[in-house]
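**Student:** Below is a structure I'd like to ask you about.
The values are calculated or read from the model by the stated rules, or taken from the named source; none is laboratory data. Quantities reported herein were computed from a predicted structural model and do not represent experimental measurements. All Cβ positions, even for glycine, are placed from backbone atoms using ideal geometry, and neighbour counts span all protein chains on display. Ligands, DNA and RNA are stripped out before the accessible areas are found, and what is left, the full protein with its side chains, is counted by its heavy atoms. Shrake-Rupley method; radii C 1.70, N 1.55, O 1.52, S 1.80 Å.
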Amino acid sequence: MTQKPSNAFIAASWIALGAGMLGYLIGLYRAQMQLNEKGYYFTVLMFGLFSVVSLQKSVRDKLENIPVTDIYYGMSWFSTILAIILLAVGLWNATLLPSEKGFYAFAFLLALFGAITVQKNTRDSQQVQKKDS
């Protein structure tokens, strides 16, 4: 039985996604790094966001007995883990202050969490609407 998420949880999810993404992107914009480095970190963020949404959807589909191929399910997990590893390796090798590295790591993880919860809320809301129809 799926319940519609509360408005407070929906708002908190969007705020987490927005705060994570905006913080990360503003940090990149203001950073004293070359454009190719900024491009790397931006691409890792976008890849990570797509990966976690895809992972959340495939996990949820499996739980609801909606067919998901093992290859897609595995790729979703792999790409999510890879995005986190790519960020970690980039930050490990970056010539940034430790506080800056921590800022990017936590903004990234907050954005990923926000993307997962926004996707979950969207799906839960759609299922409740289908049942009400």
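**Student:** Under a point-charge model restricted to the Cβ atoms of Lys and Arg (+1) and Asp and Glu (-1), what is the dipole moment magnitude of the chain relative to its Cα centre, in debye to the nearest 20?
**Tutor:** 220 debye
**Student:** Separate question: Normalised by the residues of the chain, what does the relative contact order come to in percent, with Cα pairs under 8 Å and at least six apart?
**Tutor:** Over the chain, the number comes to 51 percent.
**Student:** Working from the pairwise distances between different alpha carbons, so that the mean of 1/r is found and then inverted, what is the chain's Kirkwood radius in Å?
**Tutor:** Mean inverse Cα-Cα distance, inverted, gives 16.0 Å.
**Student:** Out of the total accessible area of segment 1-108 (probe 1.4 Å, heavy atoms of protein only), what percent is carbon and sulfur?
**Tutor:** Numbers: 5090 of 7050 Å².
Answer for segment 1-108: carbon and sulfur cover 72 percent of the accessible area.
**Student:** How many Å² of accessible area per residue for segment 49-133, probe 1.4 Å?
**Tutor:** Accessible area per residue: 61 Å².
**Student:** Let me ask something additional. Considering the dipole of the chain built from charges on the beta carbon (Lys and Arg +1, Asp and Glu -1) around the Cα centre, which of S58, G90, Y72 is farthest to its positive end?
**Tutor:** S58
**Student:** Residue by residue through segment 62-73, what is 3J(HN,Hα) from phi via Karplus (6.51 cos²θ - 1.76 cosθ + 1.60, θ = phi - 60°)? Round to whole Hz and write x for glycine and proline.
**Tutor:** 4, 5, 9, 6, 8, x, 9, 5, 4, 5, 5, 4
**Student:** Sticking with this structure for a sec: Short version: ³J(HN,Hα) in whole Hz for each residue of segment 89-95, in order, from phi by Karplus 6.51 cos²θ - 1.76 cosθ + 1.60 (θ = phi - 60°), x for Gly and Pro, what are they?
**Tutor:** Rounded to whole hertz, the list is 5, x, 5, 4, 8, 6, 9.
**Student:** Per DSSP helix of 4 or more residues, -39500 (n - 2.57); summed, then divided by the residues of the chain. What does that give at 222 nm, rounded to the nearest 500?
**Tutor:** -30000 deg cm²/dmol
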